[in-house]
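The values are calculated or read from the model by the stated rules, or taken from the named source; none is laboratory data. These figures come from a predicted structure and were not determined experimentally. Counting neighbours? That spans all protein chains shown, and the Cβs are built from the backbone with ideal geometry, glycine included. Protein only, heavy atoms only, side chains kept; ligands, DNA and RNA dropped before computing areas. Shrake-Rupley method; radii C 1.70, N 1.55, O 1.52, S 1.80 Å.
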Amino acid sequence: MQGVGPRGVDFHFDIMCPYAYQTSIWIREVRDLAGVDVRWRFFSLEEINRVEGKKHPWERAWSYGWSMMRIGAYLRRTDMALLDRWYWAAGTALHVEGRKPHRPEVARELLAELGLDPGIVTRALDDPTTADEVRREHDVVVDKGAFGVPTLVFDDGQALFGPVLIDPPKADAALRLWELVCGWLEFPAVYELQRPKRATDLASIATAFAPYLAARDWQSVQRSTP
């Protein structure tokens, strides 16, 4: 199906984010059905939520989501499709399988499973320009007001946070959600519409995120929405 909404979008993500992972499943469905050009871009939750006095992620030898994105930046220099495959593999490992792709040894295992050289982990981390690349994309979208992921940036420059979901729609429902999301672009002065979460909603979210919660090696920090 063609002609549903804008033709391209920058999808800013951090592999650590379970919501961004769920939304990435939906945007891939939209891409495959509507031919939308999905350009994977980076955003660092570690940096945006950094506590004053702690090191920036680029100041550490290995830094969870930041380092996984540096591997992605290295792969993208060859082909955006390689970054797509890496995000899918690392995201699925963390958010579905409960593995720990944020550990170097697991990152190497995942690259091998993709038929890629596990040595890419070392090469990506030894190349300081991969950190520059992640930081540049993070800074660009933060300058647009971004505070978390998923953040979509459209070709006209507008940015939207979300959609935030745990049950990515498929087929016609995926395209309908894309149509609704793109409808927001007609109203640049509409900033927020949010569904309150009931106890049953929070229970569903906890169930969906159980693999991630079991696998994470960090304490999540969530700042208030601006």
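Structural remarks
- The helix-based estimate of mean residue ellipticity at 222 nm for the chain, built from -39,500 (n - 2.57) per DSSP H run of four or more residues and divided by its residue count, is -15000 deg cm²/dmol to the nearest 500.
- More than 32 angstrom apart: percent of Cα pairs within the chain: 16
- Note that the chain presents 50 Å² accessible area per residue, ligands and nucleic acids not counted, probe 1.4 Å.
- Accessible-area composition of the stretch 1-131, carbon plus sulfur, in percent [1.4 Å probe]: 53
- 0 to 90° range, to nearest 10: angle between helix 104-113 axis and the chain longest Cα axis: 70
- Stretch gain in nm, segment SER204-THR92, where the contour uses 0.36 nm per residue and the Cα spacing is subtracted: 38.5 nm
- The aspartates and glutamates within cross-link reach of LYS54, meaning a Cα-to-Cα straight distance under 13 Å and a gap of 8 or more places when in the same chain, are GLU46.
- Using alpha-carbon coordinates, inclination of helix 80-95 to the longest axis of the chain, degrees: 90
- Radius 10 Å from Cβ of SER44, net charge of other residues (Lys, Arg +1; Asp, Glu -1): -3
- Full-stretch length increase - THR122, GLN194 - with 0.36 nm per residue and alpha-carbon distance subtracted: 21.7 nm
- Cα centroid separation - the stretch 137-173 against the stretch 17-83, whole Å: 12
- Helix 128-143 vs. the chain, principal-axis angle (Cα, 0 to 90°, nearest 10): 30
- Of the whole protein surface, TYR64 contributes about 70 Å² of accessible area at a 1.4 Å probe radius.
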